[in-house]
Structure formats: structure tokens, C-alpha cells
Amino acid sequence: MIGVFDSGYGGLTILRQMRQLLPQYDYLYLGDNARAPYGSHSFEVIYKYTLQAVEELFRRGCPLVILACNTASAKALRTIQERDIPHIDPSRRVLGVIRPTVEAVGPLTHTRHVGLLATAGTVNSGSYSMELRKLWPDIQVTGQACPMWVPLVENYEFDSPGADYFVKKRVEGIMRLDPDIDTLILGCTHYPLLMNKIVKYTPPGVRIVAQGEYVAQSLASYLQRHPDMEARLTQHGTCHYLTTESADKFEQSAALFMHEMVKAEHVELAAGC
């Protein structure tokens with residue numbers, strides 16, 4: 001199976017796009033919902049939690065794991081790739097969501113001024129700025145943390161009148177920081193559920209980049225370039241769900257993201273593959 005990990009529910013927006021583009025593969029989603037959100041945790045804690053999740057997905061037979069979490073991708077991915085995978089199993093791979101997003105942004109912006117709306121952890125990590133500079137050194141990035149957006153989504157308030165205040169405040173705030181922004185990256189997988197509100201307060205002509213489509217396309221490209229990995233993946237079109245929270249609670253919330261009923265299994269995460 002292809003393993004997909006997020007600290008909470010937002011990664012389901014990535015999983016849904018993967019399944020739409022690549023429905024033939026089998027997927028195993030793991031949400032560390034009991035310890036979410038990750039955005040306010042230290043590097044050390046995020047790294048430890050993410051590694052435990054990756055090890056669990058490896059243990060369950062996933063040769064490829066996608067970190068469908070911007071915070072984990074920003075603060076844990078590189079360390080896991082460089083320090084842990086060589087010791088756990090060099091034939092396995094862990095990929096993130098930041099690089100595919102960055103690759104897509106370059107051709108989209110004309111002013112070369114890009115805005116990043118994300119959690120404080122992702123903004124403060126500087127990961128998007130670093131990756132953008134590597135590929136597109138002429139692009140200027142302005143970040144804006146949106147601390148209330150994830151709670152709005154996870155408490156089913158994303159379409160409520162109260163959400164307007166918080167979305168308007170952050171969108172207008174980032175545009176004041178740099179009025180030349182013509183492309184906004186939604187650097188958190190929860191944010192697509194706020195899309196109606198975000199579009200409402202984003203100036204005309206500013207493109208909004210949600211990650212799911214680009215991460216799914218990047219996965220398809222990766223599998224084409226790595227037939228050895230593609231050959232290891234089973235293709236029965238199945239999808240299974242794991243959560244560190246109550247399975248019943250996860251199923252309720254996951255149905256909102258996946259637009260279908262899901263069945264989940266509770267799992268405890270611990271160190272050691």
C-alpha cells in the first residue's frame with residue numbers, strides 16, 4: 001500500500017486527490033489525531049511523532065509513505081530521509097508535500113511575489129522560502145500564520161459566518177504585507193475546506209494554490225520515474241484508515257473530507273519499527 005500520514009484530518013484532502021488521479025493503488029491513511037495539531041510543537045516533538053507514524057506504516061507493509069502534512073514535511077522529512085531511512089530500510093521512501101507545491105508555483109506567478117498561508121510551524125520553519133529559492137531564486141515569499149483556521153475546520157465551523165472574520169483578517173493581512181502577491185499557497189492541508197471563504201476575500205486575479213492536485217500529480221510522475229517502486233505497490237483500489245483517536249470520532253470527521261463513509265481502526269504509536 002501507499003502510506004499517507006497527517007497529524008490530523010487535513011491530509012485526507014491530499015488522499016482524496018491521489019485516489020481520484022491514481023485509483024488503482026491501495027492506500028493506508030494514518031492520522032495522529034490524538035496528538036494533533038502539530039503546528040505549535042517543537043521540532044523535536046514533531047520529528048519524534050512523525051517518525052513513529054512512518055515506522056508504523058512501514059511495519060504494516062508500506063514501501064512508500066507520503067507525509068500529507070506541511071508541518072511534518074517542514075520539520076521532520078529531511079531528517080527522516082537522511083538519518084533514519086538508511087538504517088530502517090534503504091529501499092523504502094518517504095516524500096512530502098512542500099516540494100511538489102513549490103515546483104508547481106514557479107510557472108503560475110507573473111509578479112514573482114508569492115504568499116504563504118499556513119500554520120505558525122510551517123511559516124516559521126522557512127521551508128517554503130528555502131525550497132522556492134532553490135528552484136525559483138527570483139521569487140519573493142511572504143508568510144502569514146493562520147492559527148485559527150485549523151480549529152475552524154476541525155470543529156465544523158469552516159462554513160459558518162464566524163469563519164469569515166478569521167479568514168478575512170489573514171487574507172487581507174498578507175496582502176497588506178505585500179500588495180504585489182499574485183499567487184497564494186495554502187500551506188496547510190486543512191485549508192481547502194475554507195476555500196469558499198478564502199476566495200471571497202482574495203483580490204481578483206490572485207491565484208490560490210491548494211496542494212492536493214499538485215501532490216497527486218507529483219506522485220504519478222514519481223511512480224513513472226521509479227518503476228521499481230511502482231512494481232512493489234499493490235493495485236486493488238482499496239483504502240484503509242488508522243487513527244490514534246477514537247475510531248468512531250475519526251469516521252465522523254473523515255467522511256466530511258472524503259465525501260464518503262469510511263471505516264477506521266484505532267492504533268497506538270510508539271518508537272521502534
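The values are calculated or read from the model by the stated rules, or taken from the named source; none is laboratory data. Quick caveat, the model's predicted, so the values are computed rather than measured. Note: ideal-geometry Cβ built from the backbone for every residue, glycine included; neighbour counts use all protein chains shown. Note: accessible area is taken over every heavy atom of the protein model, side chains too, but ligands, DNA and RNA are not part of it. Shrake-Rupley method; radii C 1.70, N 1.55, O 1.52, S 1.80 Å.
Using +1 on the beta carbon of Lys and Arg, -1 on that of Asp and Glu, and nothing else charged, what's the dipole of region 166-273 about the Cα centre, debye to 20?
Values: 11 positive and 13 negative charges, 96 e Å.
Dipole of region 166-273, to the nearest 20 debye: 460 debye.
Starting from the coordinates of the alpha-carbon atoms of region 157-218, obtain the Kirkwood hydrodynamic radius over all distinct pairs and give the value in Å to one decimal.
Values: mean 1/r = 0.0815 Å⁻¹.
Evaluated over region 157-218, this radius sits at 12.3 Å.
Leaving out ligands and nucleic acids, note down the accessible area per residue over the chain with a 1.4 angstrom probe, in whole Å². Don't skip to the end; give the middle numbers.
On the way: 11760 Å² over 273 residues.
Ligands and nucleic acids excluded, the result is 43 Å² per residue.
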>> Once ligands and nucleic acids are excluded and a 1.4 Å probe is used, how much of D248 is accessible, expressed in Å² to the nearest 10?
In response: 110 Å²
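Enumerate the helices in the chain for which the Kyte-Doolittle hydropathy averages -1.0 or more and the C-alpha atoms extend at least 27 Å along the helix's axis, using complete DSSP H runs.
On the way: long enough: none.
Answer set is empty.
Hey, any idea what % of region 80-196's accessible area is carbon plus sulfur with a 1.4 Å probe? Provide the component values of the computation, followed by the final result.
Details: 2850 of 5270 Å².
With neighbouring chains kept in place, the figure for region 80-196 is 54 percent.
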>> Assuming 0.36 nm per residue, please report the length gained on full extension of the stretch M229 to Y201 beyond their Cα-Cα distance.
In response: 5.8 nm
> Where the centroid of each part is defined by its Cα atoms, how far is region 198-222 from region 119-151 in Å?
Replying inline: 15 Å
> Regarding region 53-197, what are the three Cα extents along the principal axes, ordered largest first, in Å?
Replying inline: 47, 39, 22
>> About the Cα centre, and with charges only on the beta carbon of Lys, Arg (+1) and Asp, Glu (-1), how big is the dipole of the chain? Nearest 20 debye, please.
In response: 480 debye
> Among A53, T234, S125, whose Cα sits farthest toward the positive end of the charge dipole of the chain (+1 at Cβ of Lys/Arg, -1 at Cβ of Asp/Glu, about the Cα centre)?
Replying inline: S125
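Report, in deg cm²/dmol and to the nearest 500, the calculated mean residue ellipticity at 222 nm for the chain, where each DSSP H run with n ≥ 4 adds -39500 (n - 2.57) and the sum is divided by the residue count.
Values: 13 runs with 121 residues, N = 273.
Calculated at 222 nm, the ellipticity per residue is -12500 deg cm²/dmol.
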> What nm distance separates the two modelled labels at T111 and T79, each placed 7 Å from Cα along Cα→Cβ?
Replying inline: 3.6 nm
>> With Cα extents along the principal axes in Å as the read-out, I listed [x] 48, 40, 35; [y] 51, 51, 39; [z] 54, 43, 35; which label goes with the value calculated from this structure?
In response: [x]
>> Just want to confirm a number: the relative contact order over region 146-220, from Cα pairs under 8 angstrom separated by 6+ residues, in percent.
In response: 35 percent
